[in-house]
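Contents: one structure, followed by commentary.
No value in this document is a laboratory result; all are computed from the given coordinates. Keep in mind that what you see is a predicted model, and the values were worked out from it rather than measured. Positions of Cβ are backbone-derived with ideal geometry, glycine not excepted, and every protein chain shown enters the neighbour counts.
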Amino acid sequence: MALKRYIYNLAHGINRYANNLLTYTTHKIVLRRDIELRNINKIIKKAKDNKHILNKNDDIFITRLKTNAEALKMNFWERHFESMWLSDYPEISGRILDFGCGSGHLDVLLARKGQTIHGIDMSSIAISIANHIRMKEIDSVQKRLSFAVADVTRDLPIGDKFDSAWSAHVFEHIVDPTAIFLGLRNWLKDGAYMMISVPLGTAYDDPDHVNHFFNSEELRSFLSSHITVIKVNIFSEYQVIRALCRLS
């Protein structure tokens, strides 16, 4: 029995090592061939060299480059379903705040369509990537777009409050959003609309998801004590739930 257990553990260890080696080798090949990802790798490497500025939010993008690098490329987001929501929510207009903007690719796409957007995130790596891709856009797009590291529970906006806001795939990571919504009131005008998008059920699941919303009522219940929920829609094709809300 002990020998069988030893052989099993040895085989499992070899298999895990082989998979890690394959992932590492593939990662290196991709970086050599893709200038877009090479530039992002340089941003992440520079940030890792300054460890004192990193936090757990940065780990998402360090891991993403290794395991899902395509999600850091613009052409991935150009065909992503979250880039097509704006026409369904005309209330999201004026100066828009993107709460939890990540690498900023979606905001670049919205700015290309004429929207004025300020993206904020607690990851300095994400914001560095966002500013990097912003600088590759034409001047008119750059002028409509800005990014900053910010924590709405502690920081205040520079300048006027925003007219509306959106947040994609953020609130499934937040256990208690009370402090978030209190902070957002310092960033958004009274009566501002906010569109919140989260995965449906266990779609796009990862270990950092602390909430799972299996129907409209679960998302409405999660949000309604913090913000007025106008409507909740399920988009089964894309496995997401979206709530249009309003500060009251």
Once Rg and Dmax of the Cα atoms in Å is worked out from the coordinates, which option in (i) 20.1, 64; (ii) 19.0, 58; (iii) 20.1, 70 does it equal? (iii)
At least 18 Å along the helix axis (C-alpha) and Kyte average at least -0.5, DSSP helices within the chain: 2-33
Pairwise centroid distance, computed over Cα atoms, of the range 192-227 with the range 123-154, Å: 25
Please sort by residue number the GluC sites (Glu not before Pro) in the range 186-248 whose DSSP state is loop and whose Cβ has at most 12 other Cβ atoms within 10 Å. Glu237
Rounded, prolate or oblate (a/c below 1.5 giving rounded, otherwise prolate when a/b exceeds b/c) for the range 55-200 by Cα gyration tensor: rounded
Chain lengthening between Asp34 and Ile53 when straightened (0.36 nm per residue, less Cα-Cα): 4.1 nm
Given unit charges at Cβ for Lys, Arg (+) and Asp, Glu (-), the dipole magnitude of the chain about its Cα centre in debye, nearest 20, is 1040
Table column - 3J(HN,Hα) (Hz), the range 242-248, Karplus curve with 6.51, -1.76, 1.60, x for Gly and Pro: 10, 10, 8, 10, 8, 5, 10
Cβ-defined net charge surrounding Lys73, 14 Å radius [Lys, Arg +1; Asp, Glu -1]: +1
Sequence-distant residues sharing a close amide H with Gln115 (under 5 Å, placed H): none
Cut-off under 30 Å on the C-alpha distance; same-chain residues fewer than 8 positions from Lys136 excluded. Which lysines are left, in chain and number order? Lys28, Lys42, Lys45, Lys46, Lys48, Lys51, Lys56, Lys66, Lys73, Lys113, Lys161
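Which whole-number percent gives the relative contact order of the chain, counting Cα pairs below 8 Å spaced six or more residues apart?
Values: 383 pairs, mean separation 33.9, N = 248.
Once normalised by length, the contact order is 14 percent.
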Environment charge at Asp208 (Cβ cut-off 10 Å; Lys +1, Arg +1, Asp -1, Glu -1): -3
